[in-house]
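First the structure, in the form of structure tokens, and then the observations on it.
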Amino acid sequence: MKKYIAVFLCGALLAAFLAGCGSQNDTPNGEVYVFNWGEYIDKETLDLFEKETGIKVIYDEFETNEEMYPKVQAGAVQFDVICPSDYMIQKMVDNDMLEELDWDNMPNAKANIGQSYYEQSRAFDPENKYSVPYCWGTVGILYNKTMVDDPVTSWSILWDEKYADNILMQSSVRDLFMVSLKLNGFSANSTDEAQLQIAKQSLIDQKPLVQAYVIDQVRDKMIGGEAALGVIYSGEAIYTQRENPDLEYVIPEEGSNIWIDSWVIPKNAPNKENAEKFIDFMCRGDIALMNFEYITYSTPNTAAQALIEDDDIRNSRIAFPDLNEYSGLETFSYLGEDADELYNRLYKEIMGE
């Protein structure tokens, strides 16, 4: 009996060894762990990266910055590349959670990302040490022209009882408060509790009119005609217009958030060199174009912009707006732990009403 067991164990060990050799051959140059927003990359670009580099991509997704942060902070999974938004990058820098980038390993990131986007990034990464812009855009109102017969110029239309149960709001803390803060004439980066209490009360007053607080679902609901008005990111607006020509996007006159999502490498990433190879690959003009055409979020990659063949897209006021035409545009800043706690507490009070 022991003989058969020994033979079996030897066979099992040999099989395991061969399987290990096989996986090693499949990924001769190791792995890279990527943590990104949902539906925020063309998965074909991941396949191309694996084929060209021999580096296996292990890919995971999150829905909000606030969901992503504690997972990275806890360190249960060691990610190599993450794509947070501006203010969250600032928070991660302040808390010593990010590695400085080696720009010599990322020539495409240096050559292809427009200088104006690096300048904008200095609001949250003052010396451009930690982040490479991936996508950018604005937040505005998407509305269905067949369901809305009023001019859509102000955030105030989202408080019009005429559209009760036909309004979609963002379930992201900062985006939700931004709408109300701007409506009331305050900064989207306000830490004044009196102003935030006014914004909170406006959102509580609005709540009976709101059909749902959503993030990605606003896109499908608006395409399907399930709502008349929704707060949406500009990149989603481009996609929805392709699917439903009755939809229109507006940046309200009170101003809004202009945001940048960027690639960063967390502290003590196990595969930093592979992470920089991944970021640089994503900054290649043809790859950036693939991602732009798939996710429809504005690309800061000037090489990709030059490759866009569709004149309507290249000249789109949604994809590439002239920001000088708008006032009151603000990039979110990290406001500190006390402000975070205040925003989160007030948000819970709104949702609990």
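The values are calculated or read from the model by the stated rules, or taken from the named source; none is laboratory data. Keep in mind the model is a prediction, meaning the values are calculated, not measured. Every residue, glycine among them, receives a Cβ derived from its backbone with ideal geometry; neighbour counts consider all protein chains shown. Accessible surface is based on the protein model in full, side chains and every heavy atom, while ligands, DNA and RNA are left aside. Shrake-Rupley method; radii C 1.70, N 1.55, O 1.52, S 1.80 Å.
Can you send over the carbon and sulfur percentage of the accessible area for the range 41-122, probe radius 1.4 Å, protein chains only?
Roughly 42 percent of what the probe reaches on the range 41-122 is carbon or sulfur.
At what distance in nm do the modelled label points of D246 and A74 sit from each other, each positioned 7 Å from its Cα along Cα→Cβ?
So the two model labels end up 4.3 nm from each other.
Could you tell me the calculated FRET efficiency between M351 and N128, based on Cβ-Cβ distance and R0 = 45 angstrom, to the nearest 0.05?
With R0 = 45 Å, the Cβ-Cβ based efficiency is 0.75.
What are the ³J(HN,Hα) couplings of the range 294-302, residue after residue, when phi is run through the Karplus curve with 6.51, -1.76, 1.60 and θ = phi - 60°? Round to Hz, x for glycine and proline.
Listing the rounded values in order: 7, 9, 6, 8, 4, 9, x, 7, 5 Hz.
Sort largest first and round to whole Å: the equivalent ellipsoid semi-axes of the range 265-353, each the square root of five times a Cα gyration tensor eigenvalue.
Its equivalent ellipsoid spans semi-axes of 33, 25, 12 Å.
What is the spread of the Cα atoms of the range 21-178 along each of their three principal axes, largest first, in whole Å?
Projected onto the principal axes, the Cα atoms of the range 21-178 cover 65, 37, 33 Å.
Can you give the percent of C-alpha pairs in the range 127-228 whose distance is more than 23 Å?
Here the long-distance tail beyond 23 Å is 32 percent of all Cα pairs in the range 127-228.
Using a 1.4 Å probe on the protein heavy atoms, what percent of the accessible area of the range 269-320 belongs to carbon and sulfur?
45 percent
Using the Cα gyration tensor of the range 175-312, with a ≥ b ≥ c the square roots of its eigenvalues, what is the shape: rounded (a/c below 1.5), prolate (a/b larger than b/c) or oblate (neither)?
Cα axes put the range 175-312 in the oblate bin.
Which loop GluC sites (Glu not before Pro) in the range 181-249, with loop taken from DSSP, have no more than 16 other Cβ atoms within 10 angstrom of their Cβ?
E226
Write down the accessible area per residue of the range 37-185 in Å², having rolled a 1.4 Å probe over the full set of protein chains.
Using a 1.4 Å probe on heavy atoms only, each residue of the range 37-185 averages 40 Å².
With just the Cα atoms of the range 31-92, tell me how far they stretch along each of the three principal axes, in Å, largest first.
Here the Cα extents, ordered largest to smallest, are 34, 22, 17 Å.
Taking 0.36 nm per residue of separation and subtracting the Cα-Cα distance, what length does fully extending Q217 through N324 add?
35.5 nm
Grab the DSSP H runs of the chain that are 4 residues or longer, score each as -39,500 (n - 2.57), total them, divide by all residues and round the 222 nm result to the nearest 500 deg cm²/dmol.
Rounded to the nearest 500, the figure is -13500 deg cm²/dmol.
Over 30 Å apart: what share of the alpha carbon pairs of the chain falls there, rounded to a whole percent?
So the pairs more than 30 Å apart make up 42 percent of the total in the chain.
What spacing in nm lies between the two simple spin-label points modelled at E61 and K110, each 7 Å away from Cα in the Cβ direction?
So the two model labels end up 3.5 nm from each other.
For N344 and D286 in the same chain, what is the full-extension length gain: residue separation times 0.36 nm, less their Cα-Cα distance, in nm?
16.9 nm is the gain from fully extending N344 to D286.
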